[in-house]
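Only one structure is covered here, and it is reproduced in the block below.
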Amino acid sequence: MESLGQLSPLATLFMVLYGGAITTALIFSLYLLLCKGKAIAPHITPPVRLRRWAATLFGIIALGHIWWLFAFYFCGSNPMWVHVPFTVLDCVTLTIAVAGTLLSMLQDRRRPLWPYAAATIPIVILGVLQMVWTNINFVPHIIIYTLALYVLFTVYMVKAIMEYKRWLRDNFADLEHKEVWASHTLLILFLLLMTLYGFSIHSVQLFIIRIADFVLFGLLLWRVETLPCLTITPSSKEEERDSAADNAAAQDNDAQPSQGDDEGASVGTETVKAETLARIGPLLTKHCEDTRLYLQHDLSLSQLSTAVGINRYYLGQFFANQGTNYYTYIHDLRIRHFVALYHEAVAAQRPFTAQQLASESGFRSYSTFGAAFKQRMGQSVTSWMREEAYR
């Protein structure tokens, strides 16, 4: 092993990249923990939980780089008693921090972290076995098991992101849903890095790891800074839970009918529910369509339910009974508004662009508008405008 004062030019370059990774990770960790402002997207408020987990992950990555540097350059005489504990510590802390960070990006519900913490117990057991039976090499088993955890977590994230995407479509009408897959891109990059870390034997691989560190850091910070907090307000959550409980009670009464008061209560609950659903249509016309509330960018189902004065659970039930959902309902209103603006602009011979009219119709993202327009009209906005020009 070369001493610090006898490094070759290639090794010096590697150490510069290594030190740069440590410094960058520490700066990002402190920035996410201590700075209230947002450097990349000042207009977006990311989830606090996500910022804390990402800061923890950056901190663990920085400390991991430091303790491996310490192990290689200052503990060369006792490699087993240093290398094995550091390998176990690295695998356990990174696995938990990666899981906590990526799960925090899925805001449809708080997902438990304890299964991933419990899944690291075999890593600790293998580390203890390695320290006891030094003649048997358990380190490859630790690395392979950790990679298997990442693969299983990747499979779970595919399913979880699909659920998150459906939750977004049901609750928010103007979000770039494809961005949720950036969370999965992060996990894939983590998996590739862990593979390279576990089986890196050539200097080229080591340099790839160091460069990939900076790519990973930049992508993770960008994801944290640009992911808006979509948490439903506590009052809306409480209303939803109350309504869900009432609905569950009504279903139980229907499934197990009783005599007298119980039967009358079940009928009464269903009557109230039917009356509530019947009132929603006129209320939407009055408070959303007539007031053009749908032109508000990033309008959520919770905000609409507050404006209408109807519990968001019943509002969702109303859309389901109509064979649609909140996402489609708002987009239909916005596209009708776009069509009206288009005809007004053409009649007045006023210059315009499709992007401008889409924004005035409530769409923050033109790509979201384009997809919604094609879904409703059966053709792209460009083709539709071309046909309209010849009429």
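Once Rg and the Kirkwood radius are both taken over the C-alpha atoms of the range 22-70, their ratio Rg/Rh works out to 1.06.
Can you tell me how much longer the chain between Leu34 and Asp108 gets when fully stretched, taken as 0.36 nm per residue apart minus their C-alpha distance, in nm with one decimal?
Here the answer is 24.0 nm.
At full extension, Arg364 and Ile208 could sit 52.3 nm farther apart than now, given 0.36 nm per residue minus the alpha carbon distance. The value for the range 268-391 of Rg(Cα) / (2.2 N^0.38 Å) is 1.21. Peptides 326-338, 113-125 ranked from most to least packed, by the mean per-residue count of other Cβ atoms within 10 Å: 326-338, 113-125. Farthest towards the positive end of the charge dipole of the range 264-391, among the residues Leu333, Val346, His287, is the Cα of Val346, using unit charges on the Cβ of Lys, Arg, Asp and Glu. Put simply, the Cα atoms of the range 90-164 extend 48, 17, 15 Å along their principal axes, the longest span coming first. Of the peptides 362-371, 310-319, 277-286, the ranking by mean beta-carbon count within 10 Å, highest at the top, reads 310-319, 362-371, 277-286.
FYI, it's all coordinate maths here, none of it is from the lab. Everything numeric in this text was worked out from a predicted model, so none of it was measured. Neighbour counts run over all protein chains shown; Cβ positions are idealised from the backbone, glycine included.
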